[in-house]
Amino acid sequence: MKDWSAALAAIGGADEIALLCHVGPDGDALGSMIGLGAALRARGSRVVASFGTATGEPFAVPPTYGFLPALDLLVKPDDFPVAPEVLVTFDTGSLDRLGSLADRVAAAGTSVVVDHHATNTRYGSVNLVDTDAAATAVVVAELLDRLDLPITAEVAAPLYTGLVTDTGSFKYVATTPAVHELAARLLATGIRHDLISRAIWDTASLPYVRLLGDVCSRAELDASAAGGLGLVWTTIRPDDLVRHGLGLADVEGVIDVVRTAQEAEVTAVLKGEPDSGAVRVSLRSKGVIDLGELCVPLGGGGHRYAAGFTSYDGFDSTLDRLRDALSSAPHLPA
Ligand code: AMP
Ligand code: MN
Ligand code: MN
């Protein structure tokens, strides 16, 4: 579902535009938001961008994405307009994923939702949702073309960041010929794709490497889970983070190592927020189970093979509820 004409009318003529992406932003959330923001600023609009934080957490760009250009578009949540005339959200499948800034959607004159999540709830007054798109950055590239705005290097670097993040470096199934064509177009602007990929995939701190060892060494296989398809799971407890001096934003990549265990269809990493006691669950499947659908009744969402939810009842009962949901999990067509 894509309301192109309404989106072009709202964004095309706007002098002031406010942009938001989901809490705990990843490369696609930040990249698609900053990419559009840089293009709109270059054409003369006043642009502010932000994302909500968990209670008590300071506002900070995840260090991994510190290389992005145009990060000066970002303002702290407290400085974000209370009732923007035009609001655009990125990579955010449901209102709650905007965290402390979710109320800006109802307060906005027009809210444009730019996203690709299968579980998107269409919470905007205008929705540009393409559930086949490999990344929200792909939808942004099309929006820029329709707005007739040029994709300069300053725009291309964030969009490439979104594309490379959500395709796992062009490995996942959503990597179509059109994705490679867009990548080629972005590279042609002269961006340093090698440095972008190194920052995202090949850079970590020694404390992170040590934490990875800890949490991987206690990964468990529950072979009977998911109707016998199997679950591999591990936890990142608040004391793991404290012991290694890391935050939740630093451990996003742990699941990409744990999920390589071939013994199970589903991988779960349960991550405890140090202050709130909330447990953030990251899930990946190998293609049989639809995790996005699985997570909706658990209060979360996502894509078919990558999804998540947040839980407030501790590690043990969260794992119980996950096992329960997996026992009657929706299967994708063969
Ligand atoms: P992650 O495991 O954090 O990399 O997230 C994988 C996918 O699931 C992403 O597309 C997220 O947007 C989605 N996701 C993760 N956590 C949640 C949540 N609490 N609610 C909705 N979607 C989520
Ligand atoms: Mn995202
Ligand atoms: Mn995305």
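The values are calculated or read from the model by the stated rules, or taken from the named source; none is laboratory data. Every value quoted in this text rests on a predicted model; they were computed, and no experiment measured them. Don't worry about glycine lacking a Cβ; one is built from the backbone with ideal geometry, like all the others, and counts go over all protein chains shown. Remember, those area values only see protein heavy atoms, side chains included, never the ligands or the DNA or RNA. Shrake-Rupley method; radii C 1.70, N 1.55, O 1.52, S 1.80 Å.
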Quick one: how many residues across the stretch 141-155 are in contact (Cβ under 8 Å) with a residue 24 or more places away in the chain and either open to solvent by 60 Å² or more (accessible area, probe 1.4 Å) or among the basic types (Lys, Arg) (or both)? 4
Selection from the stretch 169-194 of residues within 30 Å of Asp240 (Cβ to Cβ) and touching a Phe, Trp or Tyr at 6+ places or on another chain (Cβ under 9 Å) yields Ser169, Tyr172
Taking the condition assigned to a loop (DSSP other than H, G, I, E, B), closer than 20 Å to Ala174 by Cβ and either in contact with a helix residue (DSSP H, G or I) (Cβ under 9 Å, 6 or more places away or on another chain) or assigned by TED's automatic domain parsing to the domain that holds Leu211 (or both), does Gly287 pass? yes
Hey, does the stretch 255-269 have a residue that's acidic (Asp, Glu) and under 24 Å from Asp313 (Cβ atoms)? no
Residue list for the stretch 133-157, filter: of a type in the set (S, T, N, Q) and farther than 19 Å from Asp115 by Cα: Thr152
Return a yes/no flag: does the stretch 9-31 have any residue that is open to solvent by 10 Å² or more (accessible area, probe 1.4 Å) and touching a Gly at 6+ places or on another chain (Cβ under 6 Å). yes
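Residue-wise test of (1) in a helix (DSSP H, G or I); (2) buried (at least 19 other Cβ atoms within 10 Å of the Cβ); (3) over 19 Å from the mean Cα position of the chain (by Cα).
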position: Asp72; (1), (2), (3): yes, no, yes
position: Val112; (1), (2), (3): no, yes, no
position: Asn120; (1), (2), (3): no, yes, no
position: Gly124; (1), (2), (3): no, yes, no
position: Ala137; (1), (2), (3): yes, yes, no
Condition check: open to solvent by less than 10 Å² (accessible area, probe 1.4 Å), touching a Pro at 6+ places or on another chain (Cβ under 6 Å) and either over 25 Å from Thr119 (Cβ atoms) or away from ligand 1 (no atom under 16 Å from the Cβ) (or both). Does Gly35 satisfy that? yes
Does the stretch 2-13 contain any residue that is hydroxyl-bearing (Ser, Thr, Tyr), away from ligand 2 (no atom under 16 Å from the Cβ) and in a loop (DSSP other than H, G, I, E, B)? no
Of (1) in contact with a Ser or Thr (Cβ under 8 Å, 6 or more places away or on another chain); (2) open to solvent by 10 Å² or more (accessible area, probe 1.4 Å); (3) not in a loop (DSSP other than H, G, I, E, B), Arg97 fails just (1)
In the stretch 76-92, which residues are open to solvent by 30 Å² or more (accessible area, probe 1.4 Å) and touching a residue at least 24 places away in the same chain (Cβ under 8 Å)? Lys76, Asp79, Pro81, Val82, Ala83, Glu85
